[in-house]
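A.B. asks: I am attaching a structure below and will ask some questions about it afterwards.
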Amino acid sequence: MSTDPSASGSEPGVLPCGALPAGALAGLLGAFGLRVGRVADDAAIPGTYWGEPEAGIVGETVWIRDDTPVHSALHEACHVICMDASRRARLHTDAGGDVDEENGVNYLAIVLADQLRGFGAARLLQDMDAWGYTFRLGSAAAWFAEDAEDARRWLLDHGLIDTRGRPTLRRREDAGNPG
């Protein structure tokens, strides 16, 4: 799977953070002890890996503008949730991690999308495809439904989802398994 935004060119039709109900993103991420930092529409986004308008991460803050795609904010937040405490302590811009963690990040973002007022998993899957995520089965929805058992297992092993696939609302080190 690839997450290169240049693979799709522009981002037609993806939902921006400014379209979410007030406080929705901050409320969801706050359950994990994360903060949402907002910058003005013309300001640079701290910690953005892909460049504006993509979300940035610095420590436990996910930085966004109103034009930041919701999928980007969720993806970066899930990186913070999925990484261990030592990486989180020095986090700035590049989440790092391995393929298993990246797959876990994508899976968790889909699960959390259903917890986000004004969004939902179906919309996230659509926006992931529009942005240019690529999966060997051809779409994010097909990957999630048919090819993501390794990601699900990784999240279970780290206590980030329960056996029914629901988020535990804990970060990796809070789940009792920092490995």
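The values are calculated or read from the model by the stated rules, or taken from the named source; none is laboratory data. Bear in mind the structure is a predicted one, so any value in this text is a computation, not a measurement. Here the Cβ is made from the backbone with ideal geometry for all residues, glycine too, and neighbour counts use every protein chain on show.
A.B. asks: Would you say residue 105 is in contact with a Pro (Cβ under 6 Å, 6 or more places away or on another chain) and in a helix (DSSP H, G or I)?
C.D. replies: No: the conditions fail for residue 105.
A.B. asks: Only one of 80, 58, 105, 111 is farther than 24 Å from residue 161 by Cβ, at pLDDT 95 or above, of a type in the set (A, V, I, L, M, F, W, C) and within 16 Å of the chain's Cα centre (by Cα). Can you tell me which?
C.D. replies: That would be 58, the only listed residue that is farther than 24 Å from residue 161 by Cβ, at pLDDT 95 or above, of a type in the set (A, V, I, L, M, F, W, C) and within 16 Å of the chain's Cα centre (by Cα).
A.B. asks: Every residue in the range 83-137 that is over 18 Å from residue 57 (Cβ atoms), in contact with an Asp or Glu (Cβ under 7 Å, 6 or more places away or on another chain) and among the small types (Gly, Ala, Ser), please.
C.D. replies: 120, 121, 130, 132
A.B. asks: Let me ask something else about it. Please verify whether the range 90-98 includes one or more residues that are of a type in the set (A, V, I, L, M) and assigned to a helix (DSSP H, G or I).
C.D. replies: Within the range 90-98, not a single residue is of a type in the set (A, V, I, L, M) and assigned to a helix (DSSP H, G or I).
A.B. asks: Does residue 88 meet the test of being charged (D, E, K, R), on the phi < 0 side of the Ramachandran plot and buried (at least 16 other Cβ atoms within 10 Å of the Cβ)?
C.D. replies: When the stated conditions are applied, residue 88 passes them.
A.B. asks: When you check residue 170 against the structure, is it farther than 23 Å from residue 15 by Cβ, basic (Lys, Arg) and under 15 Å from the mean Cα position of the chain (by Cα), yes or no?
C.D. replies: Against the criterion (farther than 23 Å from residue 15 by Cβ, basic (Lys, Arg) and under 15 Å from the mean Cα position of the chain (by Cα)), residue 170 qualifies.
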